[in-house]
């Protein structure tokens, strides 16, 4: 009972499941495709209603030929994940670009768009070369291995696991979906040191941080052997031993509260401290140059976030629908919370506040995704909205860093609030989905809110430390190699002209 | 000949233009400007950052008139641009030494 319990906790993280599946397939890289009939646990148990269960076996070892067809990726699941991937890409380009771009001064508009564009592209290339392998193949608890280096053995017929036994999706779809996550995470960071960072430094930092912070965090939180490995208590123990560090601890992160938001936010904050404040910060007006762009960008982020959160279910099923609905209601609650809070404390409700509230709510609901019910989502959204309003005002003053576009105030605070509250509202007694036990094929009967929140806090702490330290070193190296910021003259002139030789507008 | 330079509220332009035309002034130059006088600015709040905006948008209109038309023109601007609230603007009058119409070479009053 005890170990089943412990193990079920580990099973919780959905993405991890996918990863796990990938692992299974990674081992048969060459043999790729044709997932041979799995003799193991051909669990016909209808435990998970609506979810056909067959084991995803390792092709290379066709054991006793029980005549079970190899899992074939469902066309609906495949289409869903591909569409989700495309709209998650749309979140960065142009969504995040416009959201951020509207907030800078007009002389730096193109620099922020350019950083988003090139960081995105750089990370996608790195992801293809080695990032995917480091994040989503079997290695140790912190880093994956080299099974997919240079995309070795990854073909159109490779399949990856989902969160349901015997259900697979094309591994290439998972690869692309996760590439979009890695890319937006790295792009999020640039907002913290906008308007003064040297372009070359941003690129050097991105390579280092992506390699040593993003890929291990994704591995730690999401990587596991896949549901089909959990056939018995013993098999589950063995499978867990290959999972990521935080996955083993049982941390819940549906779509990336730790991996994406807290991860990026702390890196940005470290960057804001190390690069220093903008020239004239606190004395000159640095008001946003076009909040219309910011509103449009925030709205694109919201739409793309349906792909981000609901797509993280990896299947077109009820879990995806739950994450979808939560991604609708949580930001709505956060918009109201931020607007109300600003109206009461500052006198006027602002458009920038509403747009920021939406992003805050989206960040906060990300780790909760398909784990919490609608009521929980409303509360997480509202708390996230209020908390992030404080993050960009009171907390920002306390910290004293020039986090130009409030990356930490929104993504850091929103991510932490979301991660902790996920531990609360995932409780079945509060309308959550609880923790799934892949051995029993049922929800674990007991759920300790306090215990889970503690685990969530561990995840938050590990992310803050790991990413913060890697960021510190990465910025140091970038500083030594190319220097972190442009000259004061160039900064005054604006990065559009001084760094990129072009201007967004004719004045 | 006199140069009339008036700073007016942005939304008063059409009324001022009509009034000046009615007074016989048939040429006008308009520039968007920012400035401050007795009228206070306002504060703008962007998340945690608060900015006091001292320079308010106004319009600067410039017209050169003959001495005979000056009084009527000033009266036209004053009556059309007034709202009786702080921030209605100011009118400056300066002497003009010469005016030349580029196309014809006409000078002074003939060129206005």
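The values are calculated or read from the model by the stated rules, or taken from the named source; none is laboratory data. Everything numeric in this text was worked out from a predicted model, so none of it was measured. We place every Cβ from the backbone using ideal geometry, glycine too, and count neighbours over all the protein chains shown.
Summary of values
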read-out: Residues that are within 14 Å of another protein chain (Cβ to nearest Cβ), modelled with pLDDT of 90 or more and not in a strand (DSSP E or B), drawn from the range B:6-50; value: B:47
read-out: Filter pass, residue A:50 being touching a helix residue (DSSP H, G or I) at 6+ places or on another chain (Cβ under 8 Å) and modelled with pLDDT under 95; value: yes
read-out: Odd one out for residue A:445 among (1) surrounded by 21 or more Cβ atoms within 10 Å (Cβ to Cβ); (2) not in a helix (DSSP H, G or I); value: (1)
read-out: Single residue of B:83, B:104 found to be under 30 Å from residue A:347 (Cα atoms) and assigned to a loop (DSSP other than H, G, I, E, B); value: B:83
read-out: Test: residue in the range A:313-329 that is more than 14 Å from chain B (Cβ to nearest Cβ) and over 20 Å from residue A:433 (Cβ atoms); value: no
read-out: Which numbered condition residue A:445 misses (of (1) farther than 23 Å from residue A:259 by Cα; (2) modelled with pLDDT of 95 or more; (3) away from chain B (no Cβ under 14 Å)); value: (2)
read-out: Residues located in the range A:341-356, provided they are touching a helix residue (DSSP H, G or I) at 6+ places or on another chain (Cβ under 8 Å) and more than 11 Å from chain B (Cβ to nearest Cβ); value: A:341, A:354
read-out: Residue A:174 vs. criteria farther than 23 Å from residue A:469 by Cβ, surrounded by fewer than 22 Cβ atoms within 10 Å (Cβ to Cβ) and touching a residue at least 40 places away in the same chain (Cβ under 8 Å); value: no
read-out: Some residue of the range A:266-275 being in contact with a helix residue (DSSP H, G or I) (Cβ under 7 Å, 6 or more places away or on another chain), closer than 30 Å to residue A:227 by Cα and in a helix (DSSP H, G or I); value: no
read-out: Hey, residue A:338 crowded, with 24+ Cβ neighbours inside 10 Å, farther than 25 Å from residue A:177 by Cα and within 14 Å of chain B (Cβ to nearest Cβ) or not; value: yes
read-out: The range A:285-332, residues that are closer than 18 Å to residue A:163 by Cβ and in contact with a strand residue (DSSP E or B) (Cβ under 9 Å, 6 or more places away or on another chain); value: A:314, A:315
read-out: Test: residue in the range A:276-292 that is in a helix (DSSP H, G or I), over 22 Å from residue A:184 (Cα atoms) and at pLDDT 95 or above; value: no
read-out: Checklist (1) within 20 Å of the chain's Cα centre (by Cα); (2) within 14 Å of another protein chain (Cβ to nearest Cβ); (3) surrounded by 14 or more Cβ atoms within 10 Å (Cβ to Cβ) applied to residue B:59, failing item; value: (2)
read-out: The range A:383-406, subset under 22 Å from residue A:304 (Cβ atoms) and more than 12 Å from chain B (Cβ to nearest Cβ), residue surrounded by the fewest Cβ atoms within 10 Å (Cβ to Cβ); value: A:385
read-out: Test: residue in the range A:335-347 that is outside any helix (DSSP H, G or I) and more than 24 Å from the chain's Cα centre (by Cα); value: yes
read-out: Qualifying residue in the range A:413-423 (condition: within 14 Å of another protein chain (Cβ to nearest Cβ) and either under 18 Å from the mean Cα position of the chain (by Cα) or under 27 Å from residue A:193 (Cβ atoms) (or both)); value: yes
read-out: Selection status of residue B:72, crowded, with 17+ Cβ neighbours inside 10 Å, away from every other protein chain (no Cβ under 14 Å) and within 17 Å of the chain's Cα centre (by Cα); value: no
